[in-house]
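J.: Structure in C-alpha coordinates, see below.
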Ligand SMILES: Nc1ncnc2c1ncn2[C@@H]1O[C@H](COP(=O)(O)OP(=O)(O)OP(=O)(O)O)[C@@H](O)[C@H]1O
Ligand SMILES: [Mg+2]
(Lines give C-alpha, C1' and ligand atoms only; values in the text may rest on other atoms or scores of the structure.)
(Ligands and ions follow the chains in the order given, each with its own letter.)
Protein backbone atom coordinates (compact mmCIF):
# COMPACT_ATOMS: atom_id res chain seq x y z
CA UNK A 1 0.00 0.00 0.00
CA UNK A 2 1.23 3.50 -0.84
CA UNK A 3 0.27 6.36 1.44
CA UNK A 4 -0.08 9.87 0.04
CA UNK A 5 -0.66 12.69 2.50
CA UNK A 6 -1.91 16.09 1.37
CA UNK A 7 -0.23 18.91 3.23
CA UNK A 8 -0.69 22.69 3.25
CA UNK A 9 -0.54 24.73 6.41
CA UNK A 10 -2.91 27.34 5.02
CA UNK A 11 -6.68 27.03 4.66
CA UNK A 12 -8.26 26.80 1.22
CA UNK A 13 -5.12 25.55 -0.54
CA UNK A 14 -6.86 22.81 -2.49
CA UNK A 15 -6.08 19.79 -0.30
CA UNK A 16 -9.60 18.36 -0.31
CA UNK A 17 -10.20 19.04 -4.01
CA UNK A 18 -6.88 17.36 -4.87
CA UNK A 19 -7.63 14.38 -2.61
CA UNK A 20 -10.94 13.75 -4.35
CA UNK A 21 -9.45 14.28 -7.81
CA UNK A 22 -6.59 11.84 -7.18
CA UNK A 23 -9.08 9.31 -5.82
CA UNK A 24 -10.98 9.50 -9.14
CA UNK A 25 -7.68 9.22 -11.03
CA UNK A 26 -6.52 6.10 -9.16
CA UNK A 27 -9.98 4.48 -9.25
CA UNK A 28 -10.00 4.85 -13.02
CA UNK A 29 -6.69 2.97 -13.10
CA UNK A 30 -8.50 0.14 -11.31
CA UNK A 31 -6.73 0.68 -7.98
CA UNK A 32 -8.32 0.07 -4.63
CA UNK A 33 -8.40 3.42 -2.87
CA UNK A 34 -9.04 4.50 0.68
CA UNK A 35 -9.49 8.15 1.58
CA UNK A 36 -8.65 9.07 5.14
CA UNK A 37 -10.20 12.28 6.40
CA UNK A 38 -7.77 13.78 8.90
CA UNK A 39 -9.09 17.30 8.46
CA UNK A 40 -10.85 19.34 11.11
CA UNK A 41 -14.18 18.39 9.49
CA UNK A 42 -13.63 14.64 10.03
CA UNK A 43 -16.64 13.25 11.89
CA UNK A 44 -18.78 16.35 11.19
CA UNK A 45 -22.13 16.33 9.42
CA UNK A 46 -20.82 19.07 7.13
CA UNK A 47 -17.79 17.05 6.00
CA UNK A 48 -17.29 17.56 2.24
CA UNK A 49 -15.60 14.18 1.93
CA UNK A 50 -18.67 12.49 3.43
CA UNK A 51 -20.94 14.16 0.85
CA UNK A 52 -18.47 13.26 -1.90
CA UNK A 53 -18.38 9.62 -0.74
CA UNK A 54 -22.18 9.46 -0.98
CA UNK A 55 -22.02 10.72 -4.56
CA UNK A 56 -19.23 8.28 -5.37
CA UNK A 57 -21.46 5.45 -4.15
CA UNK A 58 -23.77 6.13 -7.10
CA UNK A 59 -20.87 6.01 -9.57
CA UNK A 60 -20.75 2.25 -10.15
CA UNK A 61 -17.31 1.32 -8.88
CA UNK A 62 -16.73 -2.24 -7.76
CA UNK A 63 -17.74 -2.89 -4.20
CA UNK A 64 -14.79 -2.35 -1.90
CA UNK A 65 -12.86 -0.31 -4.46
CA UNK A 66 -13.34 2.93 -2.50
CA UNK A 67 -13.42 3.47 1.21
CA UNK A 68 -13.64 6.57 3.41
CA UNK A 69 -12.46 6.65 7.00
CA UNK A 70 -12.56 9.61 9.35
CA UNK A 71 -9.86 10.04 11.96
CA UNK A 72 -9.65 12.45 14.84
CA UNK A 73 -6.87 10.96 16.93
CA UNK A 74 -3.44 9.44 16.60
CA UNK A 75 -4.58 5.85 17.27
CA UNK A 76 -7.40 6.14 14.74
CA UNK A 77 -4.92 7.20 12.06
CA UNK A 78 -2.57 4.32 12.86
CA UNK A 79 -5.32 1.70 13.21
CA UNK A 80 -7.16 2.73 10.05
CA UNK A 81 -3.94 2.78 8.03
CA UNK A 82 -3.08 -0.72 9.26
CA UNK A 83 -6.64 -1.90 8.50
CA UNK A 84 -6.50 -0.43 4.98
CA UNK A 85 -3.25 -2.29 4.34
CA UNK A 86 -4.71 -5.55 5.65
CA UNK A 87 -7.77 -5.12 3.43
CA UNK A 88 -5.64 -4.86 0.30
CA UNK A 89 -6.04 -1.14 -0.29
CA UNK A 90 -3.43 -0.04 -2.82
CA UNK A 91 -3.54 3.74 -2.40
CA UNK A 92 -4.29 5.54 0.84
CA UNK A 93 -4.99 9.25 0.33
CA UNK A 94 -4.93 11.33 3.49
CA UNK A 95 -6.57 14.75 3.59
CA UNK A 96 -5.35 16.96 6.44
CA UNK A 97 -6.18 20.32 7.97
CA UNK A 98 -4.28 23.59 7.78
CA UNK A 99 -3.44 23.30 11.44
CA UNK A 100 -1.09 20.45 12.18
CA UNK A 101 -1.69 18.50 15.37
CA UNK A 102 -0.77 14.96 16.39
CA UNK A 103 -3.01 13.03 13.94
CA UNK A 104 -1.80 15.13 11.01
CA UNK A 105 1.82 14.66 12.11
CA UNK A 106 1.28 10.89 12.16
CA UNK A 107 -0.26 11.11 8.68
CA UNK A 108 2.78 13.07 7.44
CA UNK A 109 5.15 10.67 9.10
CA UNK A 110 3.62 7.56 7.55
CA UNK A 111 3.43 9.05 4.05
CA UNK A 112 5.37 7.57 1.14
CA UNK A 113 4.70 10.83 -0.67
CA UNK A 114 3.55 14.22 0.58
CA UNK A 115 1.69 16.41 -1.88
CA UNK A 116 1.49 20.10 -1.08
CA UNK A 117 -1.12 21.85 -3.22
CA UNK A 118 -1.10 25.62 -3.60
CA UNK A 119 -3.54 27.84 -5.44
CA UNK A 120 -1.11 30.77 -5.37
CA UNK A 121 2.46 31.83 -4.48
CA UNK A 122 1.39 32.76 -0.95
CA UNK A 123 0.39 29.18 -0.12
CA UNK A 124 3.46 27.75 -1.85
CA UNK A 125 5.83 30.07 0.03
CA UNK A 126 4.21 29.27 3.34
CA UNK A 127 4.57 25.55 2.67
CA UNK A 128 8.19 25.79 1.62
CA UNK A 129 9.11 28.04 4.57
CA UNK A 130 7.51 25.92 7.25
CA UNK A 131 7.73 22.31 6.17
CA UNK A 132 10.94 21.71 8.12
CA UNK A 133 9.02 22.58 11.28
CA UNK A 134 6.83 19.50 10.83
CA UNK A 135 9.16 17.05 9.15
CA UNK A 136 12.51 16.41 10.74
CA UNK A 137 13.56 13.67 8.33
CA UNK A 138 13.85 14.45 4.62
CA UNK A 139 10.66 13.29 2.97
CA UNK A 140 9.32 13.04 -0.50
CA UNK A 141 7.42 16.33 -0.68
CA UNK A 142 6.14 17.53 -4.01
CA UNK A 143 4.43 20.84 -4.65
CA UNK A 144 1.30 20.84 -6.76
CA UNK A 145 0.27 23.95 -8.65
CA UNK A 146 -3.45 24.53 -8.91
CA UNK A 147 -3.74 26.51 -12.14
CA UNK A 148 -4.53 30.12 -11.59
CA UNK A 149 -7.89 31.66 -12.30
CA UNK A 150 -8.56 35.31 -13.06
CA UNK A 151 -7.92 36.72 -9.65
CA UNK A 152 -4.56 35.04 -9.10
CA UNK A 153 -1.04 35.61 -10.48
CA UNK A 154 0.25 33.22 -13.19
CA UNK A 155 0.95 29.64 -12.16
CA UNK A 156 4.70 30.11 -12.81
CA UNK A 157 4.95 32.32 -9.73
CA UNK A 158 3.38 29.61 -7.58
CA UNK A 159 5.83 27.08 -8.97
CA UNK A 160 8.76 29.35 -8.14
CA UNK A 161 7.51 30.04 -4.63
CA UNK A 162 7.96 26.36 -3.72
CA UNK A 163 11.69 27.11 -3.62
CA UNK A 164 13.95 24.05 -3.71
CA UNK A 165 11.10 21.55 -3.37
CA UNK A 166 10.25 19.48 -6.44
CA UNK A 167 6.98 20.47 -8.07
CA UNK A 168 4.83 18.23 -10.25
CA UNK A 169 4.99 19.21 -13.90
CA UNK A 170 1.28 18.45 -14.13
CA UNK A 171 -1.02 21.15 -12.82
CA UNK A 172 -4.67 21.07 -11.90
CA UNK A 173 -6.74 23.68 -13.73
CA UNK A 174 -9.29 25.89 -12.04
CA UNK A 175 -12.40 24.05 -13.18
CA UNK A 176 -16.00 23.29 -12.35
CA UNK A 177 -15.28 19.57 -12.73
CA UNK A 178 -12.91 19.84 -9.75
CA UNK A 179 -14.68 22.33 -7.52
CA UNK A 180 -18.01 20.48 -7.81
CA UNK A 181 -16.80 16.98 -6.99
CA UNK A 182 -18.73 17.04 -3.72
CA UNK A 183 -21.93 17.42 -5.74
CA UNK A 184 -21.03 15.21 -8.69
CA UNK A 185 -18.78 12.46 -7.35
CA UNK A 186 -16.52 10.83 -9.91
CA UNK A 187 -15.05 13.27 -12.45
CA UNK A 188 -15.16 10.81 -15.37
CA UNK A 189 -18.85 10.25 -14.78
CA UNK A 190 -19.46 14.00 -14.58
CA UNK A 191 -17.71 14.49 -17.92
CA UNK A 192 -19.81 11.72 -19.44
CA UNK A 193 -22.99 13.36 -18.14
CA UNK A 194 -22.09 16.57 -20.03
CA UNK A 195 -21.15 14.87 -23.30
CA UNK A 196 -22.57 16.60 -26.36
CA UNK A 197 -21.64 17.52 -29.92
CA UNK A 198 -19.80 20.74 -30.92
CA UNK A 199 -22.93 22.38 -32.32
CA UNK A 200 -25.05 21.60 -29.27
CA UNK A 201 -25.49 23.92 -26.29
CA UNK A 202 -23.13 23.17 -23.39
CA UNK A 203 -20.23 22.05 -25.55
CA UNK A 204 -17.81 24.57 -23.99
CA UNK A 205 -18.69 23.29 -20.52
CA UNK A 206 -18.17 19.70 -21.66
CA UNK A 207 -14.78 20.55 -23.19
CA UNK A 208 -13.63 22.36 -20.03
CA UNK A 209 -14.63 19.37 -17.90
CA UNK A 210 -12.90 17.00 -20.31
CA UNK A 211 -9.72 19.09 -20.11
CA UNK A 212 -9.80 19.06 -16.32
CA UNK A 213 -10.23 15.29 -16.30
CA UNK A 214 -7.28 14.86 -18.65
CA UNK A 215 -5.18 17.00 -16.28
CA UNK A 216 -6.22 14.85 -13.32
CA UNK A 217 -5.25 11.67 -15.13
CA UNK A 218 -1.89 13.16 -16.15
CA UNK A 219 -1.24 14.15 -12.54
CA UNK A 220 -2.25 10.70 -11.30
CA UNK A 221 0.38 9.10 -13.53
CA UNK A 222 3.00 11.56 -12.38
CA UNK A 223 2.14 10.87 -8.74
CA UNK A 224 2.37 7.16 -9.43
CA UNK A 225 5.84 7.64 -10.95
CA UNK A 226 6.90 9.78 -7.99
CA UNK A 227 5.90 6.91 -5.70
CA UNK A 228 8.45 4.73 -7.45
CA UNK A 229 11.13 7.42 -7.25
CA UNK A 230 10.79 8.62 -10.83
CA UNK A 231 10.50 12.21 -11.78
CA UNK A 232 9.71 14.04 -14.98
CA UNK A 233 12.81 15.99 -15.88
CA UNK A 234 12.91 19.56 -17.06
CA UNK A 235 12.55 19.51 -20.83
CA UNK A 236 15.64 20.75 -22.68
CA UNK A 237 15.88 21.17 -26.41
CA UNK A 238 18.66 18.56 -26.87
CA UNK A 239 16.94 15.95 -24.71
CA UNK A 240 14.52 13.33 -25.92
CA UNK A 241 11.02 14.51 -25.02
CA UNK A 242 10.36 11.87 -22.38
CA UNK A 243 13.29 11.26 -20.11
CA UNK A 244 12.69 9.94 -16.65
CA UNK A 245 15.44 9.59 -14.16
CA UNK A 246 15.38 7.20 -11.26
CA UNK A 247 16.47 8.97 -8.11
CA UNK A 248 19.56 7.66 -6.44
CA UNK A 249 18.80 5.57 -3.38
CA UNK A 250 21.26 5.95 -0.54
N1 LIG B 1 -8.80 23.17 -9.18
C2 LIG B 1 -9.83 23.86 -8.65
N3 LIG B 1 -10.82 24.32 -9.44
C4 LIG B 1 -11.85 25.02 -8.92
N5 LIG B 1 -11.98 25.31 -7.62
C6 LIG B 1 -11.03 24.87 -6.78
C7 LIG B 1 -9.91 24.13 -7.25
N8 LIG B 1 -9.12 23.83 -6.18
C9 LIG B 1 -9.73 24.37 -5.11
N10 LIG B 1 -10.87 25.00 -5.47
C11 LIG B 1 -11.79 25.71 -4.58
O12 LIG B 1 -11.01 26.38 -3.60
C13 LIG B 1 -11.59 26.22 -2.32
C14 LIG B 1 -10.60 25.55 -1.39
O15 LIG B 1 -10.31 24.24 -1.86
P16 LIG B 1 -10.22 23.02 -0.86
O17 LIG B 1 -11.45 22.93 -0.02
O18 LIG B 1 -9.82 21.83 -1.63
O19 LIG B 1 -9.00 23.51 0.03
P20 LIG B 1 -8.53 22.93 1.44
O21 LIG B 1 -7.06 23.15 1.48
O22 LIG B 1 -9.03 21.56 1.62
O23 LIG B 1 -9.28 23.95 2.40
P24 LIG B 1 -9.75 23.81 3.94
O25 LIG B 1 -8.73 24.55 4.72
O26 LIG B 1 -11.09 24.47 3.94
O27 LIG B 1 -9.81 22.35 4.26
C28 LIG B 1 -12.86 25.41 -2.50
O29 LIG B 1 -13.97 26.29 -2.59
C30 LIG B 1 -12.66 24.71 -3.82
O31 LIG B 1 -13.88 24.49 -4.49
MG1 LIG C 1 -10.14 20.70 3.15
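The values are calculated or read from the model by the stated rules, or taken from the named source; none is laboratory data. Just so you know, these numbers come straight off a predicted model, no measurement behind them. Cβ sites come from the backbone with ideal geometry, for glycine too, and all protein chains shown count toward neighbours.
J.: Look through segment 118-140, keep the residues that are part of a helix (DSSP H, G or I), touching a strand residue (DSSP E or B) at 6+ places or on another chain (Cβ under 9 Å) and at pLDDT 90 or above, and return whichever of them is nearest to ligand 2 (Cβ to nearest atom). Before you say what the answer is, go through the steps one by one.
T.: Initially, segment 118-140 is screened for residues part of a helix (DSSP H, G or I), giving 121-134.
After this cut, where a residue has to be touching a strand residue (DSSP E or B) at 6+ places or on another chain (Cβ under 9 Å) as well, the list is 123-128, 131.
Filter again for at pLDDT 90 or above, leaving 123-128.
Details: 123: 13, 124: 17, 125: 20, 126: 16, 127: 15, 128: 20 Å.
This residue is 123.
J.: A follow-up question, please. Kindly indicate whether residue 37 is modelled with pLDDT of 95 or more, crowded, with 22+ Cβ neighbours inside 10 Å and farther than 17 Å from residue 227 by Cα.
T.: Working: modelled with pLDDT of 95 or more: yes; crowded, with 22+ Cβ neighbours inside 10 Å: yes; farther than 17 Å from residue 227 by Cα: yes.
Against the criterion (modelled with pLDDT of 95 or more, crowded, with 22+ Cβ neighbours inside 10 Å and farther than 17 Å from residue 227 by Cα), residue 37 qualifies.
J.: Ok, one more. Being under 23 Å from residue 62 (Cα atoms), without any contact (Cβ under 8 Å) to a residue 40 or more places away in the chain and assigned to a helix (DSSP H, G or I) is true for just one of 206, 190. Which residue is that? Explain how you work it out, then say what you get.
T.: Numbers: 206 fails: under 23 Å from residue 62 (Cα atoms).
Residue meeting the stated conditions: 190.
J.: Let me confirm something: among 28, 16, 3, which residue is in contact (Cβ under 8 Å) with a residue 60 or more places away in the chain and near ligand 2 (Cβ under 9 Å from one of its atoms)?
T.: Every option except 16 fails the conditions.
J.: Looking at residue 68 and the list (1) within 16 Å of ligand 2 (Cβ to nearest atom); (2) closer than 25 Å to residue 229 by Cα; (3) touching a helix residue (DSSP H, G or I) at 6+ places or on another chain (Cβ under 6 Å), which single condition is not satisfied?
T.: Residue 68 satisfies all of (1) within 16 Å of ligand 2 (Cβ to nearest atom); (2) closer than 25 Å to residue 229 by Cα; (3) touching a helix residue (DSSP H, G or I) at 6+ places or on another chain (Cβ under 6 Å) except (2).
J.: Away from ligand 1 (no atom under 11 Å from the Cβ), within 22 Å of residue 210 (Cα to Cα) and touching a helix residue (DSSP H, G or I) at 6+ places or on another chain (Cβ under 7 Å), is that true of residue 147? Spell out how you get there, then give the answer.
T.: Details: away from ligand 1 (no atom under 11 Å from the Cβ): no; within 22 Å of residue 210 (Cα to Cα): yes; touching a helix residue (DSSP H, G or I) at 6+ places or on another chain (Cβ under 7 Å): yes.
So residue 147 does not fit the description; no.
J.: Name the single residue, out of those in segment 93-117 being free of Cβ contacts under 8 Å to residues at least 40 places away in the same chain and more than 16 Å from ligand 2 (Cβ to nearest atom), that is farthest from the chain's Cα centre (by Cα). So that I can check it myself, show each step before the final result.
T.: In the first step, residues of segment 93-117 are kept if they are free of Cβ contacts under 8 Å to residues at least 40 places away in the same chain; the result is 101-102, 105-106, 109.
Subset that is more than 16 Å from ligand 2 (Cβ to nearest atom): 102, 105-106, 109.
Numbers: 102: 21, 105: 18, 106: 18, 109: 17 Å.
Going through the qualifying residues, I end up with 102.
J.: Pairs under 7 Å by beta carbon, first residue assigned to a loop (DSSP other than H, G, I, E, B) in segment 141-158, partner modelled with pLDDT of 85 or more and near ligand 1 (Cβ under 10 Å from one of its atoms), six or more apart or different chains?
T.: Cβ pairs passing all conditions: 147/171; 147/172; 147/173; 147/174; 148/174; 149/174; 152/119.
J.: Please go through segment 159-173 and pick out each residue that is surrounded by 12 or more Cβ atoms within 10 Å (Cβ to Cβ) and free of Cβ contacts under 8 Å to residues at least 40 places away in the same chain. Explain how you work it out, then say what you get.
T.: From segment 159-173, those surrounded by 12 or more Cβ atoms within 10 Å (Cβ to Cβ) are 159-163, 165-173; that's our starting set.
159, 160, 163, 167, listed by residue number.
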